[in-house]
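Here, each number is a calculation from the coordinates, and none is a lab measurement. As the structure is a computational prediction, the values presented were derived from the model and not from experiment. Glycine also receives a Cβ, built like all others from the backbone with ideal geometry; neighbour counts cover every protein chain displayed.
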Amino acid sequence: MVSASPNDPASPRGQTLLLDGITQRYGASLAVNEVTLDIRGGELVALLGPSGCGKTTLLRIIAGFLAQTKGHVMVGGRSMDGLPPNRRSVGIVFQNYALFPHMTVAENVAYGLDARGVDRATQRSEAQRMLDLVKLGHLGDRAPRQLSGGQQQRVALARALAVNPSILLLDEPFAALDKNLRLDMQIEVKRIQRLSGITTILVTHDQEEALSMADRVAVLSQGRLEQFSPPTEIYDAPDSLFVNTFVGSANLLGGVLVDSDRSAGRVRLDAGGLIETRAPKGDLRPGSRVTVCLRPEHLSVDPAGGNAETLNGVVEMGLPLGATVVHEIRVGDGTAVKVSEPRIQRTDLLAPGTPVRLAPVAPRLASVFAAA
């Protein structure tokens, strides 16, 4: 058994997975549109997006439950096209776990091995080894109904790993768990994935889940791939307005692009003021109408007031939210802007009516896109 921690880099023992130009049509409806993902061996990749974006369709295509209209699925350099699910060496953990109620925990884990004709002695030893891996080795004789939701999830994970799959697919595996248990299980699944070194695809609509667990995140919208990057890039350097607004929260401010180069830009805001930003996304020229996206924690607020070259506003409300303080500030064009700061920086809430000056914490954190 490989020794690892949840923070270790992904093991190179996993198989590579290439989705090459995958397209899926249902009649006239286009569910997945030319999606290409080149996934490294041992990597944990999250497919993230709203309902109907195509992430579950992609999962079904990888598993072999659905034959794609166009494109290719390659595992370890070998084509999976046309192969049925039982020949793809794919393990799946479903949202409802799908454990067999008439079997013991150990029998559930050994089910895939039995279906493959593995002898009984090997079935028992492998089932025990997998249950030990998920820290349930002492519960092999119990029925699934005698386990908690988190324990049932770990049994489903052990069953998926018992057949030594090349790829592990997780279909919304934490959706049925309460918040506290969900976090514990996310850490546990990440630990097991690192220990096993298996290439893993996680389907989720939960932003925090994707950003905290994945090595890279594929953000999908209406069947198209919007961005495929590490979590920090998805959050701090989104490639599109959709990614910026779907992942996390963002303030949207209209304006006109004054000038830009490959590293930076300047925008004259409709709300007043001239701010420095990241280089705009897309082919935008000076004079173009743009939308500036600023996350609440990427703004600073100065109650000293401002001038014509700054973004000025008036405090409407302040909320203490545990370790942070959130102020809602009305700026010149009537837009309500939210600013989030650690309470250690601001011990007192600003009173409603207080004039303030706003600015990005750093220009690289202000994203610019063509106006919608």
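How far apart, in nanometres, would the label points at Ala323 and Ser212 be if each is projected 7 angstrom from Cα along the Cα-to-Cβ direction?
A separation of 1.2 nm, rounded to one decimal place.
Where is the GNM fluctuation largest for the chain (alpha-carbon springs, 10 angstrom cutoff): Ala336, Ala351, Ala31?
Ala351
Given 4 °C and 1.567 mPa s, compute D for the chain with the Stokes-Einstein relation, Rh being the Kirkwood radius over Cα pairs; round to the nearest whole µm²/s.
Values: Rh = 23.1 Å.
In µm²/s, the coefficient rounds to 56.
Are there trypsin sites (Lys or Arg not before Pro) in segment 188-295 that DSSP marks as loop and that have at most 15 other Cβ atoms within 10 Å, and which are they? Display every interim value, and only then the final one.
Numbers: sites: Lys190, Arg191, Arg194, Arg216, Arg224, Arg262, Arg266, Arg268, Arg278, Lys281, Arg289; in loops: Arg262, Lys281.
The qualifying sites are Arg262.
Given R₀ = 56 Å, what would the calculated FRET efficiency be for Thr232 paired with Val118, taking r from the Cβ atoms and rounding to 0.05?
On the way: r = 42 Å, r/R0 = 0.76.
E(calc), rounded to 0.05, equals 0.85.
Of the candidates Gln15, Gln146, Gln207, which one comes out as most mobile in a Gaussian network treatment of the chain with C-alpha springs shorter than 10 Å?
Gln146
Pick out, from Leu349, Ile192, Ile167, the residue whose Cα sits farthest towards the positive end of the charge dipole of the chain, with +1 on the Cβ of Lys and Arg and -1 on the Cβ of Asp and Glu.
Most positive-ward Cα: Ile167.
When the dipole is taken about the Cα centre of segment 249-370, and only Lys, Arg (+1) and Asp, Glu (-1) are charged at their Cβ, what size is it in debye, to the nearest 20? Could the numbers behind the result be given before it?
Details: 14 positive and 13 negative charges, 64 e Å.
Taking the Cα centre of segment 249-370 as origin, the dipole is about 300 debye.
Give the lysines whose C-alpha is closer than 16 Å to that of Lys135, dropping any in the same chain fewer than 8 places away, or say none.
Lys190
For labels at Arg285 and Asp333 in the simple 7 Å Cα→Cβ model, what's the distance in nm?
The answer from the label model is 2.2 nm.
Which of Glu233, Glu209 has the fewest other C-beta atoms within 10 Å, and how do the rest follow up to the most? Spell out each step's value before the answer.
On the way: Glu233 15, Glu209 20.
Exposure proxy ranking, most exposed first: Glu233, Glu209.
Within 9 Å, Cβ to Cβ, of Ala336, how many net charges do the neighbouring residues add up to if Lys/Arg are +1 and Asp/Glu are -1?
0
Treat the count of other C-beta atoms within 10 Å as a stand-in for reagent exposure and order Glu341, Glu34, Glu309 from fewest to most.
Numbers: Glu341 17, Glu34 14, Glu309 11.
With the sparsest Cβ surroundings first, the list reads Glu309, Glu34, Glu341.
Relative to the present Cα-Cα distance, how much length would full extension add between Lys70 and Thr23 at 0.36 nm per residue of separation? Let's see the in-between values first.
On the way: separation 47, 0.36 × 47 = 16.92 nm, distance 0.49 nm.
Taking 0.36 nm per residue and subtracting the Cα distance, the gain is 16.4 nm.
For the chain, modelled as a Gaussian network with Cα springs under 10 Å, which listed residue fluctuates most, Val219, Val301, Val105?
Evaluated over the chain, the most mobile residue of the options is Val301.
Given labels modelled 7 Å from the Cα in the Cβ direction, how far is it in nm from Glu309 to Val361?
2.5 nm
Please rank Met103, Met213, fewest neighbouring Cβ atoms within 10 Å first, as an exposure proxy. Display every interim value, and only then the final one.
Details: Met103 14, Met213 24.
Ordered by Cβ neighbours within 10 Å, fewest first: Met103, Met213.
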